Amino acid sequence: MTGLCTGRVAVVTGAGRGLGRAHALAFAAEGAKVVVNDLGVGLDGTGGADGPAQQVVDEIRALGGEAVAHGGDVATADGAASLVATALEAFGRLDTLVNNAGFLRDRMLVNLDEDGWDAVMRVHLKGHFLPLKHAAAHWRAEAKSGRTPEARVVNTSSGAGLLGSVGQGNYSAAKAGIVGLTLVASAEMARYGVQVNAIAPAARTRMTEQTFADTMAAPEDGAFDAMAPENVSPLVVWLGSSAAAGVTGRVFEAEAGRITVMEGWRPGPSADKGARWTPAEAGETALKLLATAEPPQPVYGAR
């Protein structure tokens, strides 16, 4: 490894398994001290597990790295505040926040109840907002004290948030919200030395193993494991390092050996009457514009 993150302190939420665990190990391998957060819940957010965060900490320490566990709920103000406090108390600083925690409660919209909607919005969107808020407050205070940081935030969106995904209305809405949050935070926090980006990863994790069971199986020995979560982590580590200076407000897809810069909403064909349209005129004009516009990408799972 190159020591890309030597001297930095990284916090990774939802780091007990899957992508989060891969990110935490990758940061440690590049010299970062890591706060490993995980609440230890099941795939649907219920119940509790036996210390997955501490297990990852033990892995990092066994490899010669430094890490501490945090078991708080980052979708609460107290949990998010204690997450930042843990980094400062354990290591004296905070340089990188990776928001990754989440779970699924998939249902078609007509079968999706309010609890399923609220739970997924809470863990993904609120669970991004609160750690970001508390970390940003710390970095703003540092900047105002004359110690402008080289701070980095990497948020976790999804292809579902960019294109939509059948049976995942709650998850798609939350992940789309994370993109909007990323853009606003990037604009607001730039003056304080904070860069904020998002990834839309595809990998084999607890959240995807059922959805992609046929296409995401582990490869034979010696073959490139295209769906390993570890494939996503190098980009996350780079975005979380000082080497990514100047990169902010961007969304990247990361899957297997491929990295793609995603280009969001941009003005397409347009018409201006200079006065109010009638409904019939508006419809006729809209159809003409659509005829020359780029077709949208298909929603995942649509037929």
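All of the numbers you see were taken from the coordinates with simple rules; none came from a lab. Note that the coordinates shown come from a computational prediction; the quantities given were computed from them, not determined experimentally. Here Cβ is always computed from backbone atoms with ideal geometry, including for glycine, and neighbour counts include all displayed protein chains.
Ranking Leu109, Ser157, His134 by Cα position along the charge dipole of the stretch 74-200, where only Lys, Arg, Asp and Glu carry charges on their C-beta atoms, puts His134 farthest toward the positive end.
Of the GluC sites (Glu not before Pro) in the stretch 218-303, the ones in a loop by DSSP (not H, G, I, E or B) with at most 13 other beta carbons within 10 Å are Glu220, Glu263.
Here's the picture: charge each Lys and Arg Cβ at +1 and each Asp and Glu Cβ at -1 in the chain, and of Val236, Val57, Ala202 the one pushed furthest to the positive end of that dipole is Val236. Between helix 279-292 and the chain there is an angle of about 60 degrees, using the helix long axis and the longest principal axis of the Cα atoms. Helix-only arithmetic for the chain: the sum of -39500 (n - 2.57) across DSSP H runs with n ≥ 4, divided by the residue total, places the mean residue ellipticity at 222 nm at -11500 deg cm²/dmol. Derived value for the stretch 9-262: Kirkwood hydrodynamic radius 18.1 Å. Basis is the mean of 1/r over every pair of different alpha-carbon atoms. Listed from fewest to most Cβ neighbours within 10 Å, the set Met108, Met189 follows the order Met108, Met189. Here the chain is assigned +1 on the Cβ of each Lys and Arg and -1 on the Cβ of each Asp and Glu. Its dipole about the Cα centre then comes out at about 980 debye. Applying a DSSP loop filter and a limit of 16 other Cβ atoms within 10 Å to the trypsin sites (Lys or Arg not before Pro) in the stretch 243-300 leaves Lys273, Arg276. Under 5 Å from the amide H of Val153 lie the amide H atoms of Leu97, Gln195, Val196, Asn197, each residue being 5 or more positions distant or on a separate chain, with H modelled from the backbone and absent for Pro and chain starts. Summing charges over neighbours of Leu132, with a neighbour being any other residue whose Cβ is under 11 Å away from its Cβ, gives +1 when K and R count +1 and D and E count -1.
Note on the chain: with a GNM built from Cα contacts shorter than 10 Å, the maximum mean-square fluctuation among Trp117, Trp265, Trp139 falls on Trp265.
Cross-link partners for Lys33 among the aspartates and glutamates, with Cα-Cα distance under 19 Å and sequence neighbours closer than 8 places in the same chain left out: Asp58, Glu59, Glu66, Glu89, Asp95, Glu150, Glu230.
Relative contact order (percent) for the chain, with alpha-carbon contacts under 8 angstrom and 6 or more residues of separation? With pairs under 8 Å counted, the relative contact order is 17 percent. Taking Lys273 as the anchor, which aspartates and glutamates have their alpha carbon closer than 17 Å to its alpha carbon, excluding any fewer than eight residues away along the same chain? Of all the aspartates and glutamates, those that pass the test against Lys273 - Cα under 17 Å, at least 8 places apart if same chain - are Glu281, Glu284. Of the trypsin sites (Lys or Arg not before Pro) in the stretch 149-207, the ones in a loop by DSSP (not H, G, I, E or B) with at most 15 other beta carbons within 10 Å are Arg206. Determine which lysines satisfy two conditions relative to Lys126: a Cα distance under 17 Å, and not lying fewer than 8 residues away in the same chain. Straight-line reach from Lys126, under 17 Å: Lys175. The angle separating the long axis of helix 52-62 from the principal Cα axis of greatest extent in the chain is about 50 degrees.
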